[in-house]
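Report on one structure; see the data block that follows.
The values are calculated or read from the model by the stated rules, or taken from the named source; none is laboratory data. The model shown is predicted, which means the values in this text are computed figures rather than measured ones. Neighbour counts run over all protein chains shown; Cβ positions are idealised from the backbone, glycine included. For the accessible areas, the whole protein counts, side chains as well, though only heavy atoms, and no ligand, DNA or RNA atoms are used. Shrake-Rupley method; radii C 1.70, N 1.55, O 1.52, S 1.80 Å.
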Amino acid sequence: AFERVVSRIIKHFEQRKDCDGKLIHIKFHIGYTLVKGKRAKAEELVQESITAVKHAKRSKQSPAIYDPSMTSAAMETHLLENDLRLAIERKEFELFYQPIVDLKTSLVTKAEALIRWRKNGKLISPVEFIPYLEESELIIPVGRWIIQQALQDLKEWQQQGAQIKQVSVNISIKQLADDTLSQWVSSLNSKLAVSPENLVLEVTESLALESSENMELFFERFGKMGVEVALDDFGTGYSSLSYLHRYPFKKLKIDRSFISNINQGDKGFNLLQSIIALSKSLELQSIAEGIEDAEVARLLSLMGVHYGQGFYYSRPIPHREFIDYLLMSQANTTTNQTSD
């Protein structure tokens, strides 16, 4: 009987609701606990249900029935969040950068900023802490620190003679809903004396589809400022193309899975060609991720891809080493063009 009730609740909320003439989709998560054997205190049952709801939200699997292992996982998450708060206070986060190369000139003109956590002298893998940052409210201050540090580093590189024009920063769902972010970025640009065009905000395909209302406000605010927005991981989402017409993206990042399959037969090659043709028809600059050799870079350039990124050029490296990479790459490109 209880399972039928849960099924009816899910069916009810899965249907779009009319709100002042607009159809809206309500996102929800269900978690519950079952009373077995001896009586339990009401407070314990409520806490178990809350833990189950949090598990359903984190795992994106709903409904979720409480299991004691969820409490252990919740404790680990709580301890990690405490460590992350301390990391902010102790300034343990740092930025690494991966170059984005103009495929026609071979010049590094952009870079993607990637956060790293150096705890007790050891680098913690991003996959171990970024999901927890994004789930918590900590992503707001950390996300702003990333933007500020990235723009400061970009300005420093330019002052040292590097011909780099833009730095890209990834945006999470909570930052997307932060209605004060654009005003803060505008004040930051004035403070640092940098142009809005120096910053590119990257939004993943799945995020663009999940947060349509926030996306509209996001583009409205940042579009007026002149900050570019790129669509990241294209091809890995829900295969809906409507948002490409709906939102004024400036750049489209082709997911590395399409690049790695470029030599795996006609099907993979033709699919990549279709994505490139789509970006051209929408007048989007295309960036290919995951380039690992010179031949793939050459082929992508011939196919009309504008920019490339991947281990062939460089792995992500610390920001103070990145300026040496930029100047060396710049000098090599100039030498090669002179020789030609």
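Could you list, in sequence order, the residues of the stretch 1-14 that are at pLDDT 70 or above and open to solvent by 90 Å² or more (accessible area, probe 1.4 Å)?
E3, R4, R8, K11, H12, E14, listed by residue number.
Residues of the stretch 248-288 being within 15 Å of D232 (Cα to Cα) and either among the β-branched types (V, I, T) or assigned to a loop (DSSP other than H, G, I, E, B) (or both), which ones?
Residues satisfying the conditions are P248, F249, K250, I254, D255, I259, I275, I276, L284, I287.
One residue is enough: does the stretch 298-313 have a residue meeting the conditions open to solvent by 30 Å² or more (accessible area, probe 1.4 Å), over 18 Å from I164 (Cα atoms) and charged (D, E, K, R)?
Yes, there is a match, as at least one residue in the stretch 298-313 is open to solvent by 30 Å² or more (accessible area, probe 1.4 Å), over 18 Å from I164 (Cα atoms) and charged (D, E, K, R).
Return the only residue of F269, F258 being farther than 30 Å from S190 by Cα, surrounded by 20 or more Cβ atoms within 10 Å (Cβ to Cβ), aromatic (F, W, Y) and modelled with pLDDT under 90.
Criteria check complete, one pass: F258.
Take Y243 and tell me if it is crowded, with 16+ Cβ neighbours inside 10 Å, modelled with pLDDT under 85 and of a type outside the set (A, V, I, L, M, F, W, C).
Considered against the rule, which asks whether it is crowded, with 16+ Cβ neighbours inside 10 Å, modelled with pLDDT under 85 and of a type outside the set (A, V, I, L, M, F, W, C), Y243 comes out as yes.
Right, R320: loosely packed, with under 14 Cβ neighbours inside 10 Å, in contact (Cβ under 8 Å) with a residue 40 or more places away in the chain and closer than 30 Å to I146 by Cβ or not?
Judged against the criteria, R320 is not a match.
Within the stretch 149-185, take every residue that is among the polar types (S, T, N, Q) and touching a Lys or Arg at 6+ places or on another chain (Cβ under 9 Å) and give me the one that is nearest to F222 (Cα to Cα).
S182
When the stretch 91-133 is examined, which residues are found to be assigned to a helix (DSSP H, G or I) and crowded, with 16+ Cβ neighbours inside 10 Å?
I130, Y132, L133 - these are the residues of the stretch 91-133 that are assigned to a helix (DSSP H, G or I) and crowded, with 16+ Cβ neighbours inside 10 Å.
If you take the residues in the stretch 220-234 that are closer than 25 Å to G308 by Cβ and of a type in the set (D, E), which one is least open to solvent (accessible area, probe 1.4 Å)?
Result: D232.
Would you check which residues across the stretch 128-186 are among the aromatic types (F, W, Y), at pLDDT 90 or above and under 18 Å from E81 (Cβ atoms) and list them?
W145
Any chance the stretch 141-155 includes a residue that's outside any helix (DSSP H, G or I) and in contact with a helix residue (DSSP H, G or I) (Cβ under 6 Å, 6 or more places away or on another chain)?
no
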